[in-house]
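Nothing in this text is a laboratory measurement; each read-out follows from the coordinates by a stated rule. As the structure is a prediction and not an experimental result, all values here were calculated from the model. Here the Cβ positions follow ideal geometry from the backbone for every residue, glycine too, while neighbour counts run over all protein chains shown.
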Amino acid sequence: MRTVSKDTITQEFLNVCGPETSPRLKFVLDRLVNHIHDFVRETELTHAEWRMGLQLMREMGDFTDDERNEYVLMSDVLGLSSIVDLMHSPDNGTPSSVLGPFHILGAPDLAVGGDLKNDNDGATVIVEGRVLSPDGNPIKGAEIEIWQTAENGLYSNCDEEQSEYNLRGHMNVADDGVYKFSTIRPAPYIVPDDGPVGKLLKGTGRHPWRPSHLHFIITAPGFRSLVTEVFPSDDPYLDEDAVFGVREKLIMEYIEHTDKSVVPTGLAIGQDVTSPFFKVDFDFTLVPE
């Protein structure tokens with residue numbers, strides 16, 4: 001190893017991986033290190049640029065806590081999160097999309113038909129659909145986790161004025177695959193740009209806006225878990241998402257109503273909806289493991 005050079009160091013690294021290294025880890029490290037070393041050689045990376053990159057990662061750690069993950073956010077704005085999603089989204093199921101940096105565990109239980117709106121400002125939105133298998137049959141035992149921004153574009157863990165689990169819930173889907181709940185329409189918002197991610201966006205002339213969306217995590221025994229988000233068709237940022245999360249199959253329609261006779265039965269709020277209110281119908285398809 002004393003004769004290592006810029007041309008041999010990549011293989012030298014791979015040579016030090018012991019025989020107990022799993023084949024998959026060895027393969028991933030092989031590709032990762034080859035690409036990183038080739039990047040350095042191709043760009044002739046300077047010491048100053050290398051130190052700048054290390055400082056960026058240190059700042060990402062400084063900005064990361066239980067309520068915000070700057071590493072996830074950086075992965076999102078680089079398109080890394082989305083390319084992993086796109087590569088592993090099945091053709092016969094609902095596409096996955098980015099988890100985002102604001103998911104928190106422990107959302108309270110929400111019955112089918114439950115209300116997330118509570119005292120939040122904004123027009124009532126009724127969201128309804130089914131969780132299905134690729135052959136169109138309802139999936140028993142499915143669970144849905146839901147979270148979204150308030151009307152001000154902030155998640156509950158980013159806004160001291162909101163309660164901890166505001167606009168978040170966990171639902172056990174009905175045996176016929178139906179889920180439904182009442183809420184408000186989430187707002188478009190900017191991803192946090194006061195940290196390293198913001199420096200990258202500003203340095204490349206990009207805006208930090210995301211289209212409004214509802215987040216979902218859907219699980220069921222025997223099926224692949226789905227992490228996704230659903231977007232309204234009329235959002236101005238639909239084709240300019242800062243984290244590349246929009247998919248054609250994840251676009252929904254907010255249908256405006258004033259006639260309360262279209263309000264579905266089984267809602268906790270009953271007929272007590274604002275006028276106008278909006279109705280969203282969206283089915284999810286999970287694929288077997």
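A cut-off of 5 Å between modelled amide H atoms, ignoring neighbours fewer than 5 places along the same chain, links residue 223 with 289.
Report, ordered by chain and residue number, the lysines lying within cross-link reach of residue 140, taken as a straight Cα distance under 20 Å and ignoring same-chain residues fewer than 8 apart. The qualifying lysines are 180.
If the chain linking residue 2 and residue 172 were pulled fully straight, counting 0.36 nm for each residue of separation and taking away their Cα-Cα distance, it would gain 55.1 nm.
The listed peptides 272-278, 167-173, ordered by packing as a protection proxy, come out as 167-173, 272-278 (highest mean of other Cβ atoms within 10 Å first).
The stretch between residue 287 and residue 224, if pulled fully straight at 0.36 nm per residue, gains 22.1 nm over its current Cα-Cα span. For the stretch 80-285, the relative contact order comes to 29 percent (Cα pairs under 8 Å, sequence separation of at least 6). Taking the number of Cβ atoms within 10 Å of each Cβ as an exposure proxy, the fewest-first ranking of 147, 209 is 209, 147.
Only beta bridges with both residues in the chain are counted; by DSSP, about 75 percent of them are antiparallel.
Couplings for the stretch 187-202, taken from phi via the Karplus curve 6.51 cos²θ - 1.76 cosθ + 1.60 with θ = phi - 60°, read 9, x, 8, 9, 5, x, 10, 9, x, x, 4, x, 4, 5, 4, 5 Hz in order; Gly and Pro are left as x. Remark on the stretch 1-45: ratio of C-alpha radius of gyration to 2.2 N^0.38 Å is 1.23.
When the chain is treated as a Gaussian network with alpha carbon springs shorter than 10 Å, the biggest mean-square fluctuation among 200, 267, 29 belongs to 29. Amide H contacts for residue 153 (H built 1.01 Å from N in the peptide plane; partners 5 or more residues away or on another chain; cut-off under 5 Å): 187. Applying 0.36 nm per residue to the separation of residue 65 and residue 34 and subtracting their alpha-carbon distance, the gain on full extension is 8.0 nm. Using a basic spin-label model with each label point 7 Å from the Cα along Cα→Cβ, how many nm lie between residue 88 and residue 43? For the pair residue 88/residue 43, the computed spacing is 2.6 nm.
Highest mobility in the GNM of the chain, judged by mean-square fluctuation with C-alpha springs under 10 Å and restricted to 31, 210, 58, is found for 31. Shown in residue order for the stretch 233-243 are the 3J(HN,Hα) couplings computed by the Karplus curve 6.51 cos²θ - 1.76 cosθ + 1.60 at θ = phi - 60°: 5, 9, 6, x, 9, 4, 9, 9, 5, 5, 10 Hz (x for Gly and Pro). Ordered by the count of other Cβ atoms within 10 Å of each Cβ, fewest first, 116, 154 give 154, 116. Backbone phi angles across the stretch 277-289, fed through the Karplus curve with coefficients 6.51, -1.76 and 1.60 (θ = phi - 60°), yield HN-Hα couplings of 10, 10, 10, 10, 10, 8, 9, 10, 10, 9, 9, x, 5 Hz in residue order; Gly and Pro are listed as x. For the chain, what is the charge dipole size about the Cα centre, in debye to the nearest 20, if Lys and Arg each add +1 at the Cβ and Asp and Glu each add -1 at the Cβ? The calculated dipole for the chain is roughly 880 debye. Rank 114, 53, 153 by mean-square fluctuation in a GNM of the chain with C-alpha springs under 10 angstrom and give only the top-ranked residue. Result: 53 has the largest fluctuation of those listed.
Here the stretch 195-261 and the stretch 49-67 have alpha carbon centers that stand 26 Å from each other. The eigenvalues of the Cα gyration tensor, multiplied by 5 and square-rooted, give the stretch 80-285 an equivalent ellipsoid with semi-axes of 26, 22, 16 Å from largest to smallest.
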